[in-house]
Amino acid sequence: MPDSQPQPHSSGSSGSGSSGDDAPDTTALLLCGARLTDGRTVDVRLGSGRIEAVGTAGSLTAHAARVDLGGYLLLPAAAEPHAHSDTALSADVEGPISYDLPDVQRRATEAALLQLGHGATALRSHVRIGDVQGLTSMEAVLQARRSLRGLVDLTAVAVPRLLTGVAGADGLAMLRDAVKMGASVVGGCPDLDPDPTGYVEAVLEVAAEHGCPVDLHTDGSDPARLGRLAAMAGGLRPGVTIGPCGGLGRLPSDVAARTADQLAAAGVTVVCLPQGGCGSVDRRGAVAPVRLLRAAGVRVAAGSGAMRDVSNPVGRGDPLEAAYLLASRCGLRSEDAYGAVSGAARSAMGFPEVRVEAGFPAELLAVRGDRLSGALSLAYSRIVVHRGRVVARTSAVREYCDSAAAVALDLPRQGRANEAGPGRPNGEEPS
């Protein structure tokens with residue numbers, strides 16, 4: 001079975017994109033004194049890649065490594081449903097971008113690690129095939145995936161340019177080859193094909209042949225085309241995802257509402273990109289009408305899109321920034337905004353649900369703070385848990401100069417006070 005083929009959910013698997021030799025870490029781990037979004041302070045015991053127990057602070061004992069999460073908010077880990085690993089981190093490259101296998105693999109690996117540090121333990125990368133890249137970029141991303149086992153779950157979407165007519169014959173053959181290589185999702189951009197409907201038909205045919213999910217790029221500005229896509233995709237399992245659909249937000253509200261109803265009826269998921277699209281600059285600021293889609297019953301997830309490539313030279317690949325923008329720009333509650341980059345994103349990618357409860361996968365993100373709204377605003381320090389072990393840690397220390405105002409107002413400082421000293425940071429994050 002290809003190394004990125006979706007696997008059945010079991011106690012030893014983190015879901016889609018896991019292969020049989022991706023065994024969870026068996027080392028027990030005790031997370032101590034973490035705060036949950038409901039206000040409780042708890043200890044959480046992890047083992048065999050899952051949450052074994054959750055109890056009041058100090059109530060759990062285990063012969064295990066301990067991580068002090070005092071001062072941290074513990075959340076289900078984030079996921080990245082719309083990355084472009086093959087072109088990531090290429091904005092500052094002088095001259096043409098190299099698509100040699102080692103260069104693409106290096107970019108894909110570094111980008112995945114940066115996103116893991118932000119808290120995304122599962123990534124879906126859209127990889128271009130055909131043209132100058134051929135299948136080299138796909139091979140490179142799959143090699144990066146293998147090298148990242150145990151750190152992050154990376155799945156690849158095969159993205160051909162053309163699929164219809166004489167010119168599309170090679171693209172269709174290459175799409176089938178990419179799936180045989182290990183691409184576990186088929187996709188592309190029907191808007192760029194002379195026959196968008198034919199393009200979608202070809203993608204759905206290949207997906208049905210191999211039992212793959214579908215993930216398509218579309219601006220969503222043509223409601224008739226979206227309606228046809230919904231009608232065609234309605235019966236496909238394991239499902240169809242589209243995005244970023246910024247053009248849907250530019251349609252009259254009644255037209256957008258009818259289209260949203262069609263997408264909901266077909267079970268199509270929309271992945272929006274609040275940090276900016278992954279196409280032309282003139283469409284970068286457009287965001288899908290998230291509240292309208294959610295009101296219609298459409299599952300809406302959020303991704304980061306371009307990460308420091310020509311489409312967005314300053315893209316961060318940070319899911320918490322995407323959630324922050326959903327809350328600040330689109331008016332979502334903090335809980336719903338974070339859900340779009342965690343639960344909804346994982347579901348769109350075929351991964352099992354995560355809750356901070358016994359029996360669920362140990363895919364967790366601890367963020368310095370005590371409330372979700374504050375975490376979305378000031379998520380500087382983060383601890384990331386994948387398959388039951390800490391795989392990434394980002395520590396930030398905030399200091400203020402010794403002024404009367406700082407002392408009088410008791411301004412917050414992160415770190416342990418007993419490690420402060422002249423010329424030194426005020427301590428480090430607890431380990």
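Annotations
- With contributions of -39500 (n - 2.57) from each DSSP H run of at least four residues, the per-residue ellipticity at 222 nm computed over the chain stands at -9500 deg cm²/dmol.
- Rounded to the nearest 10 degrees, the inclination of helix 136-147 to the longest alpha-carbon principal axis of the chain is 30 degrees.
- Stretchable slack from E205 to R149, in nm (0.36 nm times residue separation minus alpha-carbon distance): 17.1 nm
- Only protein atoms count toward the accessible area here, which uses a 1.4 Å probe; on the range 225-346, the carbon and sulfur part of that area reaches 50 percent.
- The simple Förster model, with R0 at 60 Å and r as the Cβ-Cβ distance, assigns E335 and V166 a FRET efficiency of 0.75.
- Sequence ranges 180-187, 381-388, ranked by mean other-Cβ count within 10 angstrom, highest first: 381-388, 180-187
- In this label model, L101 and S48 are separated by 3.8 nm, measuring between points 7 Å along each Cα→Cβ vector.
- A simple spin-label model places the labels of T27 and H63 1.6 nm from each other, with each point 7 Å out along Cα-to-Cβ.
- Where the chain is the region considered: accessible area per residue in Å², 1.4 Å probe: 41
- Global form of the range 280-376, assessed from the alpha-carbon gyration tensor, a/c cut-off 1.5: prolate
- The chain: proportion of alpha-carbon pairs further apart than 33 angstrom, %: 34
- At full extension, R291 and D254 could sit 11.9 nm farther apart than now, given 0.36 nm per residue minus the alpha carbon distance.
The values are calculated or read from the model by the stated rules, or taken from the named source; none is laboratory data. Everything numeric in this text was worked out from a predicted model, so none of it was measured. When we count neighbours, we look across all protein chains shown, and the Cβ atoms used for this are built from the backbone with ideal geometry, even at glycine. Just so you know, the surface numbers come from the protein's heavy atoms only, side chains and all, with ligands and any DNA or RNA stripped out. Shrake-Rupley method; radii C 1.70, N 1.55, O 1.52, S 1.80 Å.
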